[in-house]
Amino acid sequence: MTQKPTFNETRRVAGRLAAVNLNVVEERAPTLEFDEELTNLVDTKFIIAAKPKAVVEEPTPTEEAEPEAPEPELHAAARAGDADRVLALLNDEHADPTVVYRGKVAYVVSKDKVTRDAFRRAMARAPDAWDWISEAQVPSALTEELEAKHAAKEAEYEAARKAKEKERKKAQKERKKKQSAAAALLAKTQPANERDEGGSKSAALLEKVDKDAKDRREQMARAAERRMEAQAAAKRASLGALGGAHFRDSSSIGGGSNGS
């Protein structure tokens with residue numbers, strides 16, 4: 001029999017009903033007591049739900065990523081800025097500059113201009129060895145003639161810069177000298193009671209001296225630039241004249257041979 005319809009009583013009855021003896025199977029005839037227990041269990045209005053089993057999802061097999069290929073030596077040298085090694089790989093070991101690693105060729109990952117120039121020198125030495133422009137992405141060849149021209153241009157620029165710096169220092173020295181002379185002159189010519197009023201005049205005079213020195217410095221710099229341009233033009237003209245004379249001499253020699 002069951003006691004009062006409480007939750008603990010329901011658990012007790014449910015435990016008894018769920019108990020199963022696997023070794024002995026005993027048939028129990030229905031009795032009035034058994035029917036009363038079932039009736040009381042239904043009257044409690046409790047529902048005992050079986051705990052759902054946890055669904056364990058089996059891991060889906062994943063494709064193993066292929067190991068990444070090691071970085072080519074040409075890419076590593078270019079990225080490190082080792083221009084000598086880049087040139088040796090291209091000229092002596094015939095490394096392929098069109099190889100793509102992580103979406104980029106070796107020229108693109110070069111650290112600096114010196115390293116990129118190594119690719120351009122290799123292109124000038126072996127222009128037909130690779131598709132330098134389209135696949136290797138090297139823009140142009142750096143020949144010895146171009147390097148000499150660039151060196152001459154840089155030397156000319158450096159000489160002009162030094163000359164301009166020299167003129168600037170000279171003008172600055174002259175300006176300071178004139179300022180000192182002007183201040184000394186004002187101190188000698190003005191009485192003591194007018195020196196305070198002369199302070200503004202002295203400042204105006206110094207400002208005028210600075211302006212004159214600046215204008216003179218700019219004029220000298222422009223004159224130096226014009227002289228350098230004239231020298232460069234004369235040099236180009238002389239080279240052109242020599243080339244024309246050589247062409248005329250060769251033409252006259254050719255013409256004489258044809259006439260005979």
Check your understanding: What ranking of THR10, THR189, THR143, THR115 emerges when the number of other C-beta atoms within 10 Å of each C-beta is taken as an exposure proxy, fewest first?
Key -> THR189, THR143, THR10, THR115
Exercise for review: Could you tell me which of TYR157, PHE119, ALA171 has its Cα farthest along the dipole of the range 83-174 towards the positive end, charges placed at Cβ (Lys, Arg +1; Asp, Glu -1), taken about the Cα centre?
Suggested key: ALA171
Exercise for review: Measure of size requested: the Rg and Dmax of the range 73-125, with Cα atoms as the atom set and Å as the unit; please supply both.
Suggested key: 9.5, 28
**Study point:** Charge tally in the Cβ shell below 13 Å around ALA88, where Lys, Arg are +1 and Asp, Glu are -1, ALA88 excluded
**Key:** -2
Review point. About its Cα centre, how strong a charge dipole does the range 73-125 have in debye, to the nearest 20, once Lys and Arg get +1 and Asp and Glu get -1 at the Cβ?
Key: 300
Check your understanding: Pairs LYS104/LYS149; LYS166/LYS188; LYS162/LYS235: which exceed 25 Å Cα-Cα?
Key -> LYS104/LYS149; LYS166/LYS188
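Any read-out appearing in this document is the output of simple, stated calculations on the displayed coordinates, not a laboratory observation. This structure is a prediction, so every number in the text was calculated from the model and none was measured. Every residue, glycine as well, gets a Cβ built from its backbone with ideal geometry; the counts of neighbours run over all protein chains shown.
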